[in-house]
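The values are calculated or read from the model by the stated rules, or taken from the named source; none is laboratory data. Quick caveat: nothing in here was measured; it's all calculated off a predicted structure. In this analysis, Cβ positions are derived from the backbone assuming ideal geometry, glycine residues included, and neighbour counts consider all displayed protein chains. We work out accessible area using only protein heavy atoms, side chains counted, and drop any ligands, DNA or RNA first. Shrake-Rupley method; radii C 1.70, N 1.55, O 1.52, S 1.80 Å.
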Amino acid sequence: MYFLGTPHRGADLASLAKIFLLSSGHGTKTFLDDLVPGNHTINAINDDFKDACKDACLQVWSFYESVPTRFGLVDSFVVDKESAVLGFPGEHTQYINADHRHICKFDDRDSPNYKILQRALLTTVAEVEAETSIRRRGENMEELKLISSFLHVSQRPDALLWALNRKQQDGSCQWLTEDPTFQAWMDDAADGNVSPKIIWLNGRPGTGKSIAAGHVVKHLEERSLDCSFHFLSHNNKAGSTVSALLLSLASQMASSSSIIRREIISMIEDNVKLRHEDYGMIWSKLFADRILNIKTSKPQFWVIDAIDECCGDGMPEFVSLLLGLSSESFIRVFMTGRPDMRLERLISDNSTQISEIKAGKAGTLQDIEIFLRAKCPRTTDIDSFQAILDTALSKSNGIFLWAALTVARMEKAHNLEDMQAVLEETPSEMDAFYSRIITSLASLPPASYETTKCILKWTICSTKPLTIGELREAVKLDVGKTLVASAYQLESMVGNLILVDSDSRVHIMHETASAFLTKRRDNFWVNPLEAHSRLAEICLDILCGDEFAPPSGITRLGHTTKVNGTKTQLSSYASANFSYHLSQGSSVSDKPITLLVRFLRTNVLTWVEGIAMDGDLAVLGFAARQLSVYARRVARDQPDLGGKLADTVFAWVTDIRHIIAVFHPALVTSPQSIHFMIPHLCPSNSFTRACFAKSKRRLRVTGLLEDSWSDRLTTYLFPENAYAKSIASSDQFLAFGLDNGDIEIHHNSSSGKFDFIGRLKHGRGVRHLAFNQSSTLLASYSFPTLMLWEIRRLNNGISCSCLWTKGIDFSPSHVMFSPDGSSLTLADPEKTTIVVVRAADGQGEDPIILVNEVDRARMWASSSSVRVLLDPGQKLAAVAHRNASVALWDLEAVEFIGYFEKEGSEGVRISPETRDMVFNPVPKLNLLAISYGDGNLVVCDPWTLDQKGKYELGLGVLIDVLAATSDGRILAGGDGYGRIHLFLFESLTRIHQIERPYESLRIHSIAFATDNLRFVDSRGSYCNVWEPLVLLPGEALDEGSAEQYAVVQKPLEEIGGLKWSEDISTLIQTTDEAYVFAGRKDRRGLGIVEVYEVSAGISIAKLPLDGPYHDFRYLAWNDEKSLLLVVGYHCCTVAHISFSKTGAKLSATGILCLKEPGLRQAFISPDGSSLFVRTESAVKLIRIHNGKAIEEDTDVSQSSWVSHATDTSLMALEGGHVHLFDWATLQLLAPSGIPIHMPNDIVTTGKERWIACSGSDYLVLATAEPRSRVDYLISIDGSEITAEAEQIVPQTRDVASLEIQNVVGVFGSRLFFLNSTRWLCSISLEKLETADHYTRHFFIPATWHWGHDAVVRVISDTAVAYASGEELIILHGFLDFQERVAIEGVQGRSLRSVG
């Protein structure tokens, strides 16, 4: 009861009020007498009220005024505190900051007095409720005891809930309760709306579903929603039955709902009996008949964890009971469980009643991250802690159980290394977790057991997650079973040890599951060796099948006539991974060996074709390495069978390494070329040519350079007139610094792909290049500029940007990154110092001076050094002075170690010149290699200055360039004659020698690939990529085994150290196409003509020439009188050639030798009687038989002259006109010339050389910017050029998209050319302007290329002659391949001025 300003003991103002009333004539009021303090009436009321309060247990609140009330000029309390307070025991008293008039009047709800009264009322209500609750609790407890006894349920599972909630971290599981499906399930139920009554949280074992269930319980209870929960577990069989579950839920519902409690009490009162093990009776009598018939709008939420742990077959029965709930039921169910086929079928049939939420990896990983961040032991280093956290999160793979167990183990680790070790271990508790799963799998029927094991075998052993389709195919091929299971069913079949992602790819649930399942045990395990062998067999069965059968033939258009077999979903996987499974499988199983040999001898080229079509030839390189490993194991374990296999495999591996490197562009551009073209271009003794290039008269190659593959993988030509000055190699890129200021970036992949991918502009000749270890930074130097480039890999190439440019006032002898990439180190030989530049901003630090003060007085010590070299770890420096010993410095202490003097040069004043130096990259070996000007190569210890070895190469042979493999095993040296020597670094045992290719001499630099399997040299205008077998894995050498690689050095005269190049520079064929003449130099540097028989491709004669022929312009043939015309730069010769009837012999008779300074052109007349000559100043017509001039003219000497193909006239093309001249008299036939109608956007200089070939009517002019590819073709039909013609309208065509590198010539009505990717192509001249395609014929291997001006001649409609250095190669039948390639772009591109 509340009193506000009540005068329980009267009020002093009552007497004043009586006086006031009497004086005013109103009379007195009786109640005023009762309010006078001490009045017996008010005292009696107080006494009676005190007794009533005690009997009724009333709470009394008395509020009194604290502000006096104003009466005119007087302020006074109406009811003071003493009167307003009763003084009862337990009475609450509180003042109100107001006078008597306003004690119960408030301005608003925010008024402080209102708040005082409000709090008092709330307190009273709470106390009343508490008293009521206590009374009711007593009543409820009695009822709940009866219910507990009736249901045989002792208590609610609060302990389990507490344990789960304790594991949960703040912020976790939000993905679940924020899910729209969950929110609709919860909110709609509370609002009475219709929504799916059941939510199934479906997740793999160990993903934290129980914690999620505990979170749901807490989430519901925080919102004052009635929630009953139950946790099933394999550890509690009694509590994991359907009966126990139902009884537990009923007991909790009775506790939270008085209506349900009364209903169950009524059952007890009605003496209803329950069989507590019979869930059917429990559901029927307790739920269906009683609880579910209650009419209430308040929902009851059930949270059931691990429904899949329900004992026996109760789970589907229980879910079926839930599905039978009426749409008006107040029950809402949230349950968790693993994927289960039975439950999935129920869901698919009742999708409107059950909603599924998947415990997705993203949400689970988020929870695991929160858990790890809270529980992982902290380290002092934030970066280290984050690294530990990231590793743990990644390795968890969404398995919360693993994360919790690992964190618990990490809490016992007391240093970073131990924590990292814990992350690599498998918690022993995981084995028990997996054992429970495989125990259930081991009890499967035999057929199901076999299928389950097969699924796990493929999932564990496959190199990538298989799609469901691929897995179905694999199981069918492996055990003959046809899988029809869905993704969920697959997961359930194997105890959820696998998971199927959103892309339908199958994964093992966790890496620890793979480790567990591949451990040997008595019951269920996957034997890795047997499994990989079986997978290899199946992959090889596919590769040996009809799908990979080679084509039955090649049509004229290059299309195969093969009809493929049925394509399997597993074929792509088999192609990419058969070699891996062989390398991981058993080496004593015979079937894989038999299948592999069969595959390599039948279908392997179709496999290569398929890989090439995918565009990633790295698969071929990977297969080559894996098969090498497998073949060595088989040869070791099965000598009789393995030896033959090893021979076959190693022969194929050698082929594929070279095919990838040499034919990479051809394979990617035209994958089918592996069948018809590439085998014929391989060396004659190669495996591929022997197996797949059967001898055919029409399709063959004669005159090949090599019988077998050399150590050279490929060759790359730099742009014309550009030369390499520096080279750098990283694990991803090759960089070449050119003298024109460009930096070329190439791929440097293990697949043998060395394609050009980008060009940087440094500005001047690039002397030094260096990559950092991650290949993200490239430093380049050319005097006086140092530049740093950032390299970013993109999907379609790379992106490079210059980070900074810095001026350098010296020319360094060495540029390198520090080991951590934070700085650049430059060696200054002029000042004998080391300069360090920060990579971040290009700012320099104080230089390190490498001058020994004690020996500064020595004459050579104060002179500038020749070279300063740092070891890779930048702890040592070697300083080479002119004609002096090498000084060694300790860079860490900046202390002089001493001078190394090679044996025999101790104490001498002048030592042999130091040519080059290189440190062994392995610090613990402590080795430095030095090459000297006396031909000695020496290895020393840079710390002790002891000589460890010496090799003498011989008189006049000097090593100019040194390089070492990153493992410190091999030392490479390039000598002055272009040879490369390979040594064992530690002992200087020479193990291999690479002869110089053709005329190549000086090697500028050598760089090894990061895998040490190959190296690159630069030789001016081109580079070579070498891969000697001694560098390959398994070819490791030591002192004893190195003897088998003994190298015999050839004398200088045998290697051609002093001879002239004999490269072929020009070709011409006879009209009958039976012979080819090749112009070349002999060893003396004098010109000769060699004659080749076309069919056999062999040289049958060499024709010496009169006159000083050092270089040829061209050769020409006159069939009328069998005359050969040889045109040089200052003379020309006409010789009569006679062939024997068999063609085996010929004779040559010189008829005319004409010396003409400034000779430009020469032709023999069609009848063979006269010779036309054009020099810089005149044109002449000369009789061949006596050398006398018939006619001479000086007016048209600068024209481009051509012999007319269809009549007896000469044509001079100059200044946009064609002038016709009579062959016999050199008289002008068309005095004013015939104008050539050129498009306005084509500008020519008039000095271009028109291309014409005997037997063809067409003349062609190819225009281009200087040092660039052809961008426009102009063609004239010569038959239209007559004296009567008024004008000539040529055909013109933009051909920039064809990337024409070299114009080969005209044959018939087609123009032949080589494009930038080394394909010989042709385009029709008949309809040049409207042509929508050109034709690709065949590919020229990179190792055949020699210089930018390729010497190629189409000698017939089937044969092409190609000059590769000194060798002539004739390709027969390759023009039959005609692949149409669409021409990109439009015709009417405007031309820039040419010249």
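What are the residue pairs meeting all of these: first residue in the range 1208-1237, first residue farther than 24 Å from CYS1253 by Cβ, second residue at pLDDT 85 or above and of a type in the set (Phe, Trp, Tyr), Cβ atoms under 9 Å, and 6 or more apart or on different chains?
GLN1227/PHE1221; LEU1228/PHE1221
Filter the range 63-79 down to residues that are without any contact (Cβ under 8 Å) to a residue 60 or more places away in the chain and either open to solvent by less than 50 Å² (accessible area, probe 1.4 Å) or in a loop (DSSP other than H, G, I, E, B) (or both) and give me whichever is nearest to TYR2 (Cα to Cα).
Residue satisfying both the conditions and the ranking: TYR64.
Consider the range 1160-1189. How many of its residues are surrounded by fewer than 20 Cβ atoms within 10 Å (Cβ to Cβ), more than 24 Å from ILE1234 (Cβ to Cβ) and either in contact with a Ser or Thr (Cβ under 8 Å, 6 or more places away or on another chain) or hydrophobic (A, V, I, L, M, F, W, C) (or both)?
Adding up the residues that qualify gives 7.
Condition check: closer than 28 Å to GLY1233 by Cβ, assigned to a strand (DSSP E or B) and in contact (Cβ under 8 Å) with a residue 40 or more places away in the chain. Does THR1335 satisfy that?
So THR1335 fails the test.
Exactly one condition in (1) modelled with pLDDT of 80 or more; (2) aliphatic (A, V, I, L, M); (3) under 30 Å from ILE959 (Cα atoms) is not met by ALA1036; state its number.
So the condition that ALA1036 fails would be (1).
Could you list all residues from the range 252-269 that are in contact (Cβ under 8 Å) with a residue 40 or more places away in the chain and more than 18 Å from THR296 (Cβ to Cβ)?
Matches in the range 252-269: ILE268 only.
Looking only at residues in the range 1132-1159 that are open to solvent by 60 Å² or more (accessible area, probe 1.4 Å) and part of a loop (DSSP other than H, G, I, E, B), which one is farthest from VAL1094 (Cα to Cα)?
PRO1157
Across the range 284-316, what is the total count of residues that are under 18 Å from ILE357 (Cα atoms) and open to solvent by less than 10 Å² (accessible area, probe 1.4 Å)?
The qualifying residues number 6.
Test ARG1080 against the criterion of being under 54 Å from the mean Cα position of the chain (by Cα) and closer than 25 Å to GLY1365 by Cα, and give yes or no.
When the stated conditions are applied, ARG1080 passes them.
Residue pairs, Cβ under 7 Å, 6 or more apart or interchain, first in the range 495-515 and more than 18 Å from ASP340 (Cα to Cα), second aromatic (Phe, Trp, Tyr) and open to solvent by less than 10 Å² (accessible area, probe 1.4 Å). List them.
Matching pairs, first to second residue: HIS510/TRP402; THR512/TRP402; ALA513/TYR434.
Is it the case that HIS1217 is at pLDDT below 90, closer than 17 Å to ALA1283 by Cβ and out of contact with any helix residue (DSSP H, G or I) (no Cβ under 8 Å at 6 or more places or on another chain)?
When the stated conditions are applied, HIS1217 passes them.
Within the range 139-179, which residues are surrounded by 15 or more Cβ atoms within 10 Å (Cβ to Cβ) and in contact with a Leu (Cβ under 8 Å, 6 or more places away or on another chain)?
Within the range 139-179, PHE150, LEU151, VAL153, LEU176 qualify.
Do we find that THR602 is at pLDDT 90 or above, more than 19 Å from the chain's Cα centre (by Cα), open to solvent by 40 Å² or more (accessible area, probe 1.4 Å) and β-branched (Val, Ile, Thr) in this structure?
Answer is yes for this residue.
Could you please give the count of residues in the range 534-546 that are open to solvent by 10 Å² or more (accessible area, probe 1.4 Å), assigned to a helix (DSSP H, G or I) and in contact (Cβ under 8 Å) with a residue 40 or more places away in the chain? Even if it seems obvious, please write down each step before you answer.
Our first condition is that a residue be open to solvent by 10 Å² or more (accessible area, probe 1.4 Å); within the range 534-546, this holds for 534, 537, 541-542, 544-546.
Filter once more, keeping what is assigned to a helix (DSSP H, G or I): 534, 537, 541-542, 546.
Checking which are in contact (Cβ under 8 Å) with a residue 40 or more places away in the chain leaves us with 534, 537, 541-542.
Of the residues in the range 534-546, 4 are open to solvent by 10 Å² or more (accessible area, probe 1.4 Å), assigned to a helix (DSSP H, G or I) and in contact (Cβ under 8 Å) with a residue 40 or more places away in the chain.
If you go through the range 1213-1223 one residue at a time, how many are within 60 Å of the chain's Cα centre (by Cα) and surrounded by fewer than 21 Cβ atoms within 10 Å (Cβ to Cβ)?
Residues in the range 1213-1223 being within 60 Å of the chain's Cα centre (by Cα) and surrounded by fewer than 21 Cβ atoms within 10 Å (Cβ to Cβ): 4 in total.
Being polar (S, T, N, Q), modelled with pLDDT of 85 or more, open to solvent by less than 10 Å² (accessible area, probe 1.4 Å) and more than 46 Å from the chain's Cα centre (by Cα) narrows it down to one of SER1275, SER1279, so name that one.
It is SER1275.
Are any residues in the range 417-438 open to solvent by 50 Å² or more (accessible area, probe 1.4 Å), assigned to a helix (DSSP H, G or I) and touching a residue at least 24 places away in the same chain (Cβ under 8 Å), and if so, which ones?
GLN420, GLU429, ARG436
Among LEU1261, LEU1210, LEU1311, LEU1226, which is within 22 Å of ARG1113 (Cβ to Cβ), modelled with pLDDT of 90 or more and open to solvent by less than 30 Å² (accessible area, probe 1.4 Å)?
On inspection, the qualifying residue turns out to be LEU1311.
What number of residues within the range 768-788 are among the aromatic types (Phe, Trp, Tyr), surrounded by 21 or more Cβ atoms within 10 Å (Cβ to Cβ) and over 11 Å from PHE817 (Cβ atoms)?
Here the count works out to 1.
Please return the ranges of helices (runs of 4 or more DSSP H) entirely within the range 661-717 where 3 or more residues are open to solvent by 10 Å² or more (accessible area, probe 1.4 Å) and acidic (Asp, Glu). If you could, list the steps in order and put the result at the bottom.
Values: elements: 673-676, 678-681, 687-692.
It comes to none.
When the residues of the range 962-1019 are filtered to those that are in a loop (DSSP other than H, G, I, E, B), more than 16 Å from VAL1030 (Cα to Cα) and among the aliphatic types (A, V, I, L, M), which remaining residue is most open to solvent (accessible area, probe 1.4 Å)?
The selected residue is LEU1001.
Every residue in the range 1045-1095 that is open to solvent by 40 Å² or more (accessible area, probe 1.4 Å), touching a strand residue (DSSP E or B) at 6+ places or on another chain (Cβ under 6 Å) and either of a type in the set (Gly, Ala, Ser) or modelled with pLDDT of 90 or more (or both), please.
Of everything in the range 1045-1095, those that are open to solvent by 40 Å² or more (accessible area, probe 1.4 Å), touching a strand residue (DSSP E or B) at 6+ places or on another chain (Cβ under 6 Å) and either of a type in the set (Gly, Ala, Ser) or modelled with pLDDT of 90 or more (or both) turn out to be SER1065, GLU1093.
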